[in-house]
Number of protein chains: 2
Amino acid sequence: MAEPRWLDDREFRAWLGYRRMRLLLDAQIARDMQRDSGLSDADYDVLSALSSRESRRWRLQELADRMTWSKSRLSRHIGRMEERGLVTREGCDTDARGSVIVLSEGGWRAIQEAAPLHVASVRTHLIDLLTPEQIESLGDIAETVLGRLSASRD
Amino acid sequence: MAEPRWLDDREFRAWLGYRRMRLLLDAQIARDMQRDSGLSDADYDVLSALSSRESRRWRLQELADRMTWSKSRLSRHIGRMEERGLVTREGCDTDARGSVIVLSEGGWRAIQEAAPLHVASVRTHLIDLLTPEQIESLGDIAETVLGRLSASRD
DNA sequence: CACAAGTTGTTTACGTGTAAACCAAGAATG
DNA sequence: CATTCTTGGTTTACACGTAAACAACTTGTG
């Protein structure tokens, strides 16, 4: 096996920093949201996806695709959210197999209340710590990396 | 509840990009490592922590602290790695309660073989896509965020 | 129309993370 | 040195993600 190009100091610092940031930052923001609003990260993602559409309803598969979740994951998660009164399931008119996930009144209230607290948390732990240049740069980095990832689906 | 400062377009792009990058990039790199070396992300982290010390041995608690893992998580993970011959457990001389995790010969070989492939994967999906300025910037961002996180342990 | 093939959503089996209970052994205190 | 407190590690109960199997339904084809 040929000797690879190892990471130099700066590269290593960036990689390790990214890894550690991902570990701790996400945990902190999730903890904040659990404490402030009683929602998990996943709950929030589902609620905000649902509320992004005027009708507040999505076919399960569509929603799963949009979120890059497996159908099975979403199905089970919806089940749990249903028990907590955040969403409801309805049958689909045009396809008897289908099920439609609907944001309930309680779910709507939950995300309305959670959103400002969540934004505050994201600001506190990330956005407000960075310069405008760094924010721009982070956006660029993500765009580049994601562009390549979706291009080379091997 | 007062209206919060919502994220503007650039801030939102950075936050969303970060979230999505974390979701997809990490999954891709983990997939590569599983395929190339049969190791999970967690396996790799344990192996590289163990091999970072000349003696290739750590007390469980120390190792858990260093990795920011819970004792229970590490204990169970070590159990699985032990079955696969990557590490062994030994009693501790100075404290009869203690257990010492030792990198086995097989574990040493595994990480030796995995490391260059892992670096290549990190380069392909992240480092080699970025300019030197972006690499520097990513390191800075992580340092800032992590600094604040560990400062304000509330 | 009948039947094969594909799609939709749920369920099952399994791996693994967390929190809390637990046990054993060291440390501290009277 | 006996009793209590603390610490190191494991185990248990539970939550949740994934892949694969499954059942119900739709679609495409002769």
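The values are calculated or read from the model by the stated rules, or taken from the named source; none is laboratory data. Predicted model, so just to flag it, every value in this text is computed and none were measured. Neighbour counts are summed over all protein chains in view; Cβ atoms, including those assigned to glycine, are modelled from backbone coordinates with ideal geometry. Ligands, DNA and RNA are excluded from the accessible area calculation, which covers all protein heavy atoms including side chains. Shrake-Rupley method; radii C 1.70, N 1.55, O 1.52, S 1.80 Å.
At-a-glance table
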read-out	value
Inter-chain shielding of A:124-130 (mean C-beta neighbours from other protein chains, 10 Å cut-off)	6
For the stretch B:1-86, alpha-carbon Rg relative to the globular expectation (2.2 N^0.38 Å, N residues)	1.55
Percentage relative contact order, the stretch A:38-124, counting C-alpha pairs under 8 Å, at least six apart	29
Accessible area of the stretch A:1-147 belonging to carbon and sulfur atoms, whole % at 1.4 Å probe	49
Per-pair calculated FRET efficiency, R0 = 22 Å: residue B:10 and residue A:34 via Cβ, rounded to 0.05	0.20
Percent RCO, i.e. relative contact order, over chain B, from Cα pairs under 8 Å lying at least 6 residues apart	21
Cβ-defined net charge surrounding residue A:34, 12 Å radius [Lys, Arg +1; Asp, Glu -1]	-2
Projected label distance in nm at residue B:48 and residue B:93, using a 7 Å step from Cα toward the beta-carbon	3.1
Chain B: angle of helix B:9-37 to the longest principal axis, Cα-based, in degrees nearest 10	30
Gap separating the Cα centres of the stretch A:46-106 and the stretch B:109-123, nearest whole Å	40
Nearest-ten-degree value, helix B:105-125 long axis tilted from longest Cα axis of chain B	10
Within 10 Å of each Cβ in A:22-31, the average number of Cβ atoms from other chains	4
Gain upon complete extension [residue B:66, residue B:109; 0.36 nm per residue less C-alpha separation]	13.2 nm
Other protein chain Cβ atoms within 10 Å, averaged over every residue that makes up A:108-118	1
Semi-axes of the equivalent ellipsoid for the stretch B:38-138, Cα gyration tensor, largest first, Å	30, 15, 11
Phi to ³J(HN,Hα) by Karplus 6.51 cos²θ - 1.76 cosθ + 1.60 over the stretch B:62-67, Hz, x for Gly, Pro	4, 5, 4, 4, 4, 8
Positive-end residue, the protein assembly as shown charge dipole about Cα centroid, Cβ charges, pick of B:141, A:116, B:127	A:116
Shape category assigned to the protein assembly as shown from the gyration tensor of Cα positions, a/c cut at 1.5	prolate
